[in-house]
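Novice: A single structure is presented below for examination.
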Amino acid sequence: MMTPNQVPFPPVEQWPVLAAPDCPTCRRSADVAWIGPATFAEGDEVNVWRCRTCPTDWFIPVTHWPVLDGPDCPHCRTVVTCWAALAPETPGDLWLCEHGHEFVLTPEGLIIFTEDAA
């Protein structure tokens, strides 16, 4: 079930940065590559980046963008959800609920459970 005042996309200010970050060592972004996600022992989620010029590896904490009019969670029906990212393998948006359930919402309005998306 969707909330009644659903918007098609999260507000622009809540979208992730699409350009690669500058390297903290040499300050270049042209040769920067995203390595992938990682989780610290404390549970903090980060994205790992590598500069091919100097080479330096660094991380940036993962940010979840709260959206007031997000879709209800299909697992537990909570209305407290936040937009996490563009879904990497499925055209759509990855969402999380306050209880940690993940799901993808496609542009057509279909909900795909992340375990079914692979």
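The values are calculated or read from the model by the stated rules, or taken from the named source; none is laboratory data. Note that the coordinates shown come from a computational prediction; the quantities given were computed from them, not determined experimentally. So basically every Cβ, Gly included, is an ideal-geometry build from the backbone, and we count neighbours across all protein chains shown. Areas reflect the complete protein model, heavy atoms only, side chains present, ligands, DNA and RNA absent. Shrake-Rupley method; radii C 1.70, N 1.55, O 1.52, S 1.80 Å.
Novice: Hey, among the residues in region 105-118 that are outside any loop (DSSP other than H, G, I, E, B) and in contact with an Asp or Glu (Cβ under 7 Å, 6 or more places away or on another chain), which one's modelled with the highest pLDDT?
Specialist: Step one: of region 105-118, the residues outside any loop (DSSP other than H, G, I, E, B) are 105, 111-117.
Going one step further and asking which of them are in contact with an Asp or Glu (Cβ under 7 Å, 6 or more places away or on another chain), we end up with 105, 114, 117.
Values: Leu105: 85, Thr114: 69, Ala117: 53.
Looking at residues that are outside any loop (DSSP other than H, G, I, E, B) and in contact with an Asp or Glu (Cβ under 7 Å, 6 or more places away or on another chain), I get Leu105.
Novice: For region 86-110, which positions are among the aliphatic types (A, V, I, L, M), open to solvent by 30 Å² or more (accessible area, probe 1.4 Å) and in contact with a Leu (Cβ under 9 Å, 6 or more places away or on another chain)?
Specialist: Correct list: Leu86, Leu94.
Novice: It is to be established whether one or more residues within region 31-40 are open to solvent by 90 Å² or more (accessible area, probe 1.4 Å) and either touching a residue at least 40 places away in the same chain (Cβ under 8 Å) or not in a strand (DSSP E or B) (or both).
Specialist: There is no residue in region 31-40 that is open to solvent by 90 Å² or more (accessible area, probe 1.4 Å) and either touching a residue at least 40 places away in the same chain (Cβ under 8 Å) or not in a strand (DSSP E or B) (or both).
Novice: Please find, within region 45-79, the residue that is modelled with the lowest pLDDT out of those that are outside any loop (DSSP other than H, G, I, E, B) and in contact with a Phe, Trp or Tyr (Cβ under 6 Å, 6 or more places away or on another chain). Let's see the steps before the verdict.
Specialist: Applying the first criterion (outside any loop (DSSP other than H, G, I, E, B)) to region 45-79 yields 45-51, 56-61, 65-66.
Subset that is in contact with a Phe, Trp or Tyr (Cβ under 6 Å, 6 or more places away or on another chain): 46, 48-49, 58, 65.
Working: Val46: 81, Val48: 84, Trp49: 84, Trp58: 89, Trp65: 58.
This residue is Trp65.
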